[in-house]
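Chemist: Starting off with a structure, shown below.
The values are calculated or read from the model by the stated rules, or taken from the named source; none is laboratory data. Predicted model only: the values in this text are computed from it and were never measured. Here Cβ is always computed from backbone atoms with ideal geometry, including for glycine, and neighbour counts include all displayed protein chains. With ligands, DNA and RNA removed, areas are computed over all heavy atoms of the protein, side chains included. Shrake-Rupley method; radii C 1.70, N 1.55, O 1.52, S 1.80 Å.
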Amino acid sequence: DLVNRVVSYLIPAIRSTGGTFSSIKRLGAGSYYERVKISEPNEFDIMLLMPVSRLQLDECDDTGAYYYLTFKRNPKEKYLLKFVDEEGKLSAFQILQSLREIIKQEVKKIQNMEVSVKRKKVGSPAITLQIKHPPGDISVDIILTLEVQQSWPPSTADGLRVEQWLGTKVRLKCRNESIYLVAKQNKKEKVLKGNTWRLSFSHIEKDILKNHGSSKTCCESDGPKCCRKACLKLLKYLLEKLKQDHTKELEKICSYHVKTAFFNSCVKWPNDRDWHWEDLDYCFQRYVGYFLDCLKTAQLPHFFIPKYNLLGQEDKVSSHFLLRKINYELNNGFPIFQE
């Protein structure tokens with residue numbers, strides 16, 4: 001309720017500044033909106049979508065996830081030209097900075113609530129709001145997202161292999177959706193100029209999680225219940241608990257790793273009968289087994305961009321630490337769940 005009140009105030013206020021942000025719209029993303037949030041509902045992701053008709057995407061490294069954006073001739077969105085840097089690239093940093101300033105001014109006007117903008121995290125695509133809500137605080141990540149109506153880039157051609165699981169039509173429907181790009185800094189760049197953007201598939205992930213069965217009635221009120229989401233929630237919870245106890249060692253691992261392993265598992269075991277609710281224990285251990293293999297080999301292919309490995313060499317220490325911790329839990333009947 002508090003988050004909705006803040007966001008419902010902010011969106012018209014941002015739009016009314018005219019020009020750049022006059023056409024933004026809201027999309028709830030992340031675990032709360034995918035109904036896989038665990039523990040307290042104290043963190044929310046809100047995507048602010050900014051429609052752009054066409055852009056040229058140039059890969060800026062070999063992952064296929066990060067891009068430089070340039071405008072084709074005479075863009076419709078003339079108001080974005082002021083954010084183009086000296087190399088002709090659309091600057092993520094400048095746009096984000098501009099939006100941040102507007103939000104900082106606007107939150108001061110919100111009445112009957114204490115809302116502040118948290119300090120900027122280097123390279124983060126989010127503007128984080130903090131809502132005072134004793135005894136704890138609520139944090140809201142506002143993520144500026146370009147919604148580009150054009151076909152997906154070549155790096156995604158072999159991704160989203162859901163034919164055996166959700167069917168060919170679902171794959172085609174998903175691939176006809178717009179491209180989403182978030183203002184994410186590519187750390188591999190020698191000089192950080194703040195002009196890289198990363199593909200985001202939050203909208204597709206949310207749809208898949210909502211309609212996750214190979215039969216259309218899976219988990220509907222009168223349909224058969226599967227344990228896919230329960231498995232995802234359990235592993236997310238396990239990771240969250242371990243991260244609380246070992247923040248430094250596990251700083252390179254996040255819930256997106258667990259979610260990617262989940263989607264890959266659903267493709268590996270595509271039928272509803274592979275995920276019977278009664279077999280939760282077995283299914284969870286099988287999914288954990290797959291995730292452990294990924295940690296062991298430091299190979300976790302991105303679900304939509306298979307050549308992009310989410311567990312690179314630089315994450316090896318974190319991966320092996322997590323591998324040991326989860327193995328201990330697995331071999332001892334998950335004592336962490338008893339705490």
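Chemist: Given the rule -39500 (n - 2.57) for each run of at least 4 DSSP H residues, summed and divided by the residues of the chain, what is its mean residue ellipticity at 222 nm, to the nearest 500 deg cm²/dmol? Each step should come with its number before you reach the end.
Modeler: Values: 9 runs with 117 residues, N = 339.
Per the formula, -11000 deg cm²/dmol.
Chemist: Here's another thing I want to ask about it. Using only the alpha-carbon atoms of the chain, report the extent along each of the three principal axes, biggest first, to the nearest angstrom.
Modeler: The Cα atoms of the chain stretch 56, 48, 46 Å along the principal axes, largest first.
Chemist: Could you go through the stretch 308-315 in sequence order and give the Karplus-derived ³J(HN,Hα) for each residue, using 6.51 cos²θ - 1.76 cosθ + 1.60 with θ = phi - 60°, rounded to whole Hz, and x for Gly and Pro?
Modeler: Computed from phi, the couplings for the stretch 308-315 are 8, 8, 7, 10, x, 4, 5, 9 Hz.
Chemist: May I pose another question? Which cross-chain or sequence-distant (5 or more) residues have an amide H under 5 Å from the amide H of Ser200, H modelled 1.01 Å from N in plane?
Modeler: Long-range HN contacts for Ser200: Tyr180, Leu181, Val182.
Chemist: Would you work out if the stretch 1-203 is rounded, prolate or oblate? Take a ≥ b ≥ c from the square roots of the eigenvalues of the alpha-carbon gyration tensor; rounded if a/c is under 1.5, else prolate when a/b is larger than b/c, oblate otherwise. Present the calculation step by step, with values, prior to reporting the outcome.
Modeler: On the way: a/c = 1.76, a/b = 1.24, b/c = 1.42.
Oblate is the answer for the stretch 1-203, as a/c is 1.5 or above yet b/c matches or exceeds a/b.
Chemist: Go through Ile11, Leu330, Tyr256 and say which Cα lies farthest out towards the positive end of the charge dipole of the chain; charges sit on Cβ, +1 for Lys and Arg, -1 for Asp and Glu.
Modeler: Most positive-ward Cα: Ile11.
Chemist: Could you do me a favour and compute the accessible area per residue for the chain, 1.4 Å probe, result in Å²?
Modeler: Details: 16980 Å² over 339 residues.
Dividing the accessible area of the chain by its residue count gives 50 Å².
Chemist: If the only charges are +1 at each Lys and Arg Cβ and -1 at each Asp and Glu Cβ, what is the size of the charge dipole of the stretch 119-254 around the Cα centre, to the nearest 20 debye?
Modeler: Numbers: 27 positive and 15 negative charges, 69 e Å.
Roughly 340 debye, rounded to the nearest 20.
Chemist: Taking every pair of alpha-carbon atoms in the stretch 172-265, give the share separated by more than 20 Å as a whole percent.
Modeler: On the way: 2481 of 4371 pairs.
Every Cα pair in the stretch 172-265 considered, those over 20 Å come to 57 percent.
Chemist: Here's a follow-up. Might you report the magnitude of the Cβ-based charge dipole of the chain about its Cα centre, with Lys and Arg at +1 and Asp and Glu at -1, to the nearest 20 debye? Spell out each step's value before the answer.
Modeler: Numbers: 54 positive and 41 negative charges, 175 e Å.
So the magnitude is around 840 debye.
Chemist: For Thr128, which sequence-distant residues (separation of 5 or more, or a different chain) have an amide H within less than 5 Å of its own amide H, given hydrogens modelled in the peptide plane?
Modeler: Distant-sequence amide H within range of Thr128: Lys118, Ile142.
Chemist: Ok, one more. Compute the relative contact order of the chain as a whole-number percentage, counting only Cα pairs closer than 8 Å that sit 6 or more residues apart in sequence. Please list the in-between numbers first.
Modeler: Working: 517 pairs, mean separation 55.1, N = 339.
Relative contact order comes out at 16 percent.
Chemist: Using the Karplus curve 6.51 cos²θ - 1.76 cosθ + 1.60 with θ = phi - 60°, work out ³J(HN,Hα) for each residue of the stretch 316-329 in order, rounded to whole Hz, and write x for Gly and Pro.
Modeler: 4, 4, 4, 4, 6, 5, 5, 4, 5, 5, 5, 4, 4, 4
Chemist: Moving to a separate point now. In the calculated pair distance distribution of the stretch 108-165, what percentage of Cα-Cα distances lie above 13 Å?
Modeler: Details: 1235 of 1653 pairs.
Value for the stretch 108-165 (Cα pairs over 13 Å): 75 percent.
Chemist: Tally up the carbon and sulfur contribution to the accessible surface of the stretch 216-337 as a whole percent, 1.4 Å probe, everything protein left in place. Present the calculation step by step, with values, prior to reporting the outcome.
Modeler: Values: 3090 of 6020 Å².
Answer for the stretch 216-337: carbon and sulfur cover 51 percent of the accessible area.
Chemist: With a 1.4 Å probe and every protein chain left in place, tell me how much accessible area Lys268 has, in Å² to the nearest 10.
Modeler: Surface open to solvent at Lys268 totals about 120 Å².
Chemist: Under a Cβ-only charge scheme (Lys and Arg +1, Asp and Glu -1), can you give me the dipole magnitude of the stretch 1-203 about the Cα centre, in debye to the nearest 20? Spell out each step's value before the answer.
Modeler: Details: 33 positive and 23 negative charges, 83 e Å.
So the magnitude is around 400 debye.
Chemist: Turning to a different aspect of this structure: Sum up the charges of everything whose Cβ sits under 14 Å from the Cβ of Leu172, counting Lys and Arg as +1 and Asp and Glu as -1, but leave Leu172 out.
Modeler: Working: positive: Arg161, Lys169, Arg171, Lys173, Arg175; negative: Glu163, Glu177, Asp207.
Every neighbour counted, the sum reads +2.
Chemist: Is the shape of the stretch 236-316 best called rounded, prolate or oblate, per the rule: a/c under 1.5 gives rounded, else a/b larger than b/c gives prolate, else oblate, with a ≥ b ≥ c the square roots of the Cα gyration tensor eigenvalues?
Modeler: Working: a/c = 2.43, a/b = 1.34, b/c = 1.81.
It is oblate, given that a/c is not under 1.5 and a/b is not larger than b/c.
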